[in-house]
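Here is the structure we will look at, set down as structure tokens.
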Amino acid sequence: MQEPVIGIDLGTTNSAVATVEGGRACLIPSRAGGRLTPSIVGLTREGARAVGLAAQRLAEVQPEAVVWATKRFMGRRCTPELVQMSRLMVPFPLIAGPTGDVRVRLAGRALPVTQVAAMVLGELKLDAEACLGRPVRRCVITVPAHYDDNQRSATREAAAIAGLEVMRLVNEPTAAALAYGLASGFEGNALVFDLGGGTFDVSILEVKDGVFEVKATGGDAALGGEDFDQRIVQWLLAQVEEGFRETVGKDAVSMRRLKVAAEAAKRELTEYEETLISVGDLGDHTGPGTPRVTGVETVLTRRFFETLSEPLSRRCLAVCESVMREAKMSPQSVDAVLLVGGMTRVPLVRRLVQDFFGRLPTTELNPDEAVALGAAVQAHELATQSGAALLLDVAGQSLGVGVLGGRVKRLIAKNTNVPVVTRQIFLPGRSGQAEARIPIYQGESEFQDENHKLGEVVLRNLQVGYRSDIQLEVTFTLSSEGMLSVRAVDLKTGTVEQVRLEARNSLPAPEAQKLSQEQARYASVQSQQDGRRAEEVLRRLLERGEKLSRMLQRTAQESPGVEARFAVGTMRSLLDHGRVALQEGNIEQCARVARQLTTVLTGRPA
Ligand code: AMP
């Protein structure tokens, strides 16, 4: 039987995992209950790990023992500016790792954010394995469309630590369009408006004859639900008694309480016109003795929340305008607007979209699940090569090399279809140079300073001569998932340099290896527990199944017929299979029968 493959939506706030079974993409439930896994990771004082729902619960009693929204820091360099900006978003401090990577302090350890992501990915892997009853290794992971090379590479690194093999990284909006297009048979121009917990992406795709071609994509890496929450948090903080305000603003426990209340209020306002916010026990929780505490109690109306959110709404619209310009399309030429990401439930966001595009958004998609389902569809497609859907994505950002005058010479323009290969000849900066360094930049500005430096091509042992005699050919290869590799050749000597992008701040190899061993040990203990739990669940389901079977038999005796006989036969065979699976200790079979029994007993898929 073919090895199962999964699709993973690694979100800022929540993550989800899906697979394709019987030709249909379906979400895999979390072992802790629920369809989504909060992207929260915690370590207790004793060093025990809590991920997802367990970490969310831990946060209620020990807010300093958890970290969340770390996706925003993936693949970034831990610069003073980032540390400063993070203070407005999260109460936990960021620290720099040995390669300049971002780390968070948790239970006395400095965890790389890639490890935090790996812990979430590892949990989703375990959920999939528990549901399918088999080891799962291969996956498709989605990333924001505007993710740069470092962020993509960090996502791959996190997957490797989690013991996953990434078949392909797919842009989140593209995955959502894929899920929608395949499920509904849609053809035309689809616009995906993806506002999640931490990031905002807009993509426009043309869907025709099973080909999903991205026309343009754009986004704002620092715009999402967290920012809307922060607007409320700052408003609440301003209402704290003056003598306490500064203390509360610096206290992690208090700020976590305000953040939780703000997020809950935002959700309430999706349903109601106003909401009461009441947060107590705010003060200094770090010092010894009983803290001096205060609280806030206030009413937030939907209208005032919308006023608070005004600057964020304007940023959303600016992105839509720029993507429409890049696709050379008008809002009227969009045939379907797909909403993705939890924040698109907010009435203000729906209104913005409706006013801008002059049409109601499509509501068939579940905004929290579409991305994972699309990722599963793509994983299945890559595994089976069935040809049902072909994805043609684009470069999310322009790529070029630094030239004289602090400028950038663009080799690949934003929104060029990928994969793509481009070449260009460069001359060394001056005559008599034995070594040439060509910096590589990602971004939209024509100035190096305003772009993101990815690395440098370093060609050594050039023949010393006149500048114009030496021709350096630089080749950029951008893969279908947006990863760049660079090659440089000195055309005179034939010296070739396959460039390692030095700015990729990946973890030192021994550390990455240590982390994956740690993850493997944790996963092995968990899967043994999951195996025992699967048998236990099946035992309970078999008991309920026996009762149903007896009922079906009675019905068949009272009103005999083909249908009744068939129902009895199906049920008996399912129960027999379940008993055999238990006897043989076949976890995969136990999981499969448990899923089928759940469907029969509850009338809905497990
Ligand atoms: P995602 O990253 O797609 O899971 O989006 C999560 C974001 O959506 C968080 O900021 C949530 O607070 C927000 N969100 C989810 N459901 C709702 C809702 N019903 N009303 C308002 N915001 C929501």
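The values are calculated or read from the model by the stated rules, or taken from the named source; none is laboratory data. Bear in mind the structure is a predicted one, so any value in this text is a computation, not a measurement. Cβ atoms come from the backbone with ideal geometry, glycine included; neighbour counts cover every protein chain shown. Accessible surface areas use protein heavy atoms only, side chains included; no ligands, DNA or RNA. Shrake-Rupley method; radii C 1.70, N 1.55, O 1.52, S 1.80 Å.
For the range 359-379, the tally of residues that are open to solvent by 40 Å² or more (accessible area, probe 1.4 Å), more than 15 Å from the ligand (Cβ to nearest atom) and under 20 Å from Arg35 (Cα atoms) stands at 1. In summary, Gly482 fulfils each of the numbered conditions (1) on the phi > 0 side of the Ramachandran plot; (2) in contact with a strand residue (DSSP E or B) (Cβ under 6 Å, 6 or more places away or on another chain) with the single exception of condition (2).
Arg31 fulfils the conditions (1) more than 16 Å from the ligand (Cβ to nearest atom); (2) in contact with a Cys (Cβ under 9 Å, 6 or more places away or on another chain); (3) open to solvent by less than 50 Å² (accessible area, probe 1.4 Å) except for a single criterion, (3).
When the range 532-585 is filtered for residues that are without any contact (Cβ under 8 Å) to a residue 12 or more places away in the chain and either of a type in the set (Asp, Glu) or in a loop (DSSP other than H, G, I, E, B) (or both), the ones remaining, listed by number, are Glu536, Glu543, Glu558, Ser559, Pro560, Gly561, Glu563, Asp576, Glu584.
Within the range 14-28, restricting attention to residues that are within 16 Å of the ligand (Cβ to nearest atom) and open to solvent by 10 Å² or more (accessible area, probe 1.4 Å), the residue that is nearest to Ala130 (Cα to Cα) is Leu27. The single condition from (1) closer than 26 Å to Gln234 by Cα; (2) touching a Pro at 6+ places or on another chain (Cβ under 9 Å); (3) in contact (Cβ under 8 Å) with a residue 60 or more places away in the chain; (4) of a type in the set (A, V, I, L, M) that Met85 fails is (2).
Out of curiosity, is Met119 in contact (Cβ under 8 Å) with a residue 60 or more places away in the chain, part of a helix (DSSP H, G or I), of a type in the set (A, V, I, L, M, F, W, C) and out of contact with any Gly (no Cβ under 9 Å at 6 or more places or on another chain)?
Working: in contact (Cβ under 8 Å) with a residue 60 or more places away in the chain: yes; part of a helix (DSSP H, G or I): yes; of a type in the set (A, V, I, L, M, F, W, C): yes; out of contact with any Gly (no Cβ under 9 Å at 6 or more places or on another chain): yes.
Here the answer is yes, as Met119 does meet what is asked.
Within the range 195-220, restricting attention to residues that are under 17 Å from the mean Cα position of the chain (by Cα), open to solvent by 10 Å² or more (accessible area, probe 1.4 Å) and of a type outside the set (Gly, Ala, Ser), the residue that is farthest from the ligand (Cβ to nearest atom) is Asp220.
Among the conditions (1) within 16 Å of the chain's Cα centre (by Cα); (2) of a type outside the set (S, T, N, Q); (3) part of a loop (DSSP other than H, G, I, E, B); (4) away from the ligand (no atom under 16 Å from the Cβ), Ala160 misses just one, which is (3). When Tyr180 is tested against (1) more than 20 Å from Leu312 (Cα to Cα); (2) within 16 Å of the ligand (Cβ to nearest atom); (3) outside the structural domain of Met85 (by TED's automatic domain parsing), just one condition goes unmet, and that condition is (3). Taken as a whole, the structure leaves Met551 outside the set of residues that are crowded, with 17+ Cβ neighbours inside 10 Å and not assigned by TED's automatic domain parsing to the domain that holds Ser153.
Exactly one residue out of Glu456, Glu435, Glu444 is touching a Ser or Thr at 6+ places or on another chain (Cβ under 6 Å) and either among the charged types (D, E, K, R) or assigned by TED's automatic domain parsing to the domain that holds Ala25 (or both): that is Glu444. Within the range 94-116, the set of residues being hydrophobic (A, V, I, L, M, F, W, C) and assigned to a helix (DSSP H, G or I) comprises Val113, Val116.
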